[in-house]
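Colleague: Here's a structure for you.
Each reported figure results from applying straightforward, stated rules to the coordinates on display, with no laboratory input. What you see is a predicted model, and the numbers here were worked out from it, not measured in a lab. Note: ideal-geometry Cβ built from the backbone for every residue, glycine included; neighbour counts use all protein chains shown.
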Amino acid sequence: MSGISVYKIYQRLFQRYGPQNWWPASSRFEVMVGAILTQNTSWTNVERAIISLKRERVLSCNKLANMPHAQLAQLLTPVGYFNVKAHRLQHFCQWYDEQGGYRKLSAFETDKLRHALLGVHGVGPETADDILLYAFERPVFVIDAYTRRLFSRLGMAEDNVNYETLRQWFEQRLSRCKDRVTVFNEYHALIVLHAKQVCLARQPRCESCTLQRYCDYGD
DNA sequence: ACCCAGGGTCATA
DNA sequence: TATGACCATGGG
């Protein structure tokens, strides 16, 4: 049997944790910056860097694009990979400005915008979809390591499915939702929160971190 | 001393 | 197409 539906799992998570009101940022542009900085990095470390960028008053497209690499890298110290991320951030900002910023990009159809974002060096599928969903408010389901892990351990997906396949798997199953942008927004945020609550690590180490706790969301 | 984190790119086979 | 190395800090 097919078991519980993808939407039902969403409802249970929502009932348990309530709305998360993501993305935690004070502007669309800050969402994009955070999406790049949080690549394989804990959010608490990203917050430190965001605070530093605000304190130095450089959290804007022009300032970030034009400041010295070394200065930006230093401000990005807490996120790790600071040389890589300083370069990615500056390259993204330059591209974003060249495209005409949010005004121009928001006129793109979702598929075109997604393709354009994926063409930017340093922007992979998850980062692109974070930006599409949380900055451009497009109905795109974000897949991350937690999502793959949770649904794999629920027995609903293969652990090594490719990104596109799993994204379309979710989107197809949630295609009849009323407000998909809101549902996709909350769903991804709830998966991340739930993962932290139940210790959804790569290899479950402690006994209490294994199946029984997140199986509440299966049958 | 480990393992892990709201990934992505590049070289290699 | 599919692995593995690499990037690097901070918390548990």
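Colleague: What is the count of Lys pairs in chain A whose alpha carbons sit under 19 Å apart, if the two are 8 or more places apart or on different chains?
Modeller: So the count works out to 5.
Colleague: Continuing with this model, one more query. How far apart, in nanometres, would the label points at A:Ser175 and A:Ala145 be if each is projected 7 angstrom from Cα along the Cα-to-Cβ direction?
Modeller: Result for the modelled spin labels: 3.2 nm.
Colleague: Taking 8 Å as the Cα distance limit and 6 or more residues as the minimum spacing, I'd like the relative contact order of region A:1-103 as a percentage.
Modeller: So the answer I get is 24 percent.
Colleague: Run lengths n ≥ 4 of DSSP H only: what is the helix-derived mean residue ellipticity at 222 nm for chain A, with -39500 (n - 2.57) per run over all residues, to the nearest 500?
Modeller: After summing the helix terms and dividing by residue count, I get -18000 deg cm²/dmol.
Colleague: Tell me the Kirkwood hydrodynamic radius of chain A in angstroms, computed as one over the mean inverse distance between distinct C-alpha pairs.
Modeller: Answer for chain A: a Kirkwood hydrodynamic radius of 18.4 Å.
Colleague: Which value, in debye to the nearest 20, describes the size of the charge dipole of chain A about its Cα centre when Lys and Arg Cβ atoms bear +1, Asp and Glu Cβ atoms bear -1, and nothing else is charged?
Modeller: Charge dipole, chain A, about its Cα centre: 340 debye, nearest 20.
Colleague: Now for a separate question. So between A:Asp97 and A:Ser5, what do we pick up on full extension, going 0.36 nm a residue minus the alpha carbon distance?
Modeller: Here the answer is 28.9 nm.
Colleague: Between A:Gln74 and A:Ser42, what is 0.36 nm times their sequence separation minus the Cα-Cα distance? Round to one decimal in nm.
Modeller: 9.7 nm
Colleague: Something else now. Between A:Tyr81, A:Tyr134, A:Tyr187, find the one with the highest GNM mean-square fluctuation for chain A; connect C-alpha pairs within less than 10 Å.
Modeller: It is A:Tyr81.
Colleague: Further question: Within chain A, what is the longest stretch that has no trypsin sites (Lys or Arg not before Pro) placed in a DSSP loop and near at most 13 other beta-carbon atoms within 10 Å?
Modeller: A:58-175
Colleague: Once you've got the GNM for chain A with C-alpha springs shorter than 10 Å, pick whichever of A:Gln39, A:Gln90, A:Gln11 has the biggest mean-square fluctuation.
Modeller: Most flexible of the set in this elastic network: A:Gln11.
Colleague: For region A:1-101, which GluC sites (Glu not before Pro) are both in a DSSP coil and crowded by at most 15 other Cβ atoms within 10 Å?
Modeller: A:Glu56
Colleague: With a cut-off of 8 Å between alpha carbons and a minimum separation of six or more residues, what is the relative contact order of region A:27-158 in percent?
Modeller: 25 percent
Colleague: Put +1 on the Cβ of every Lys and Arg and -1 on every Asp and Glu Cβ in chain A; which of A:Phe14, A:Phe141, A:Leu118 then has its Cα farthest towards the positive end of the dipole?
Modeller: A:Phe14
Colleague: If you place +1 on the Cβ of every Lys and Arg and -1 on the Cβ of every Asp and Glu, how big does the dipole about the Cα centre of region A:28-134 come out, in debye to the nearest 20?
Modeller: Rounded to the nearest 20 debye, it is 340 debye.
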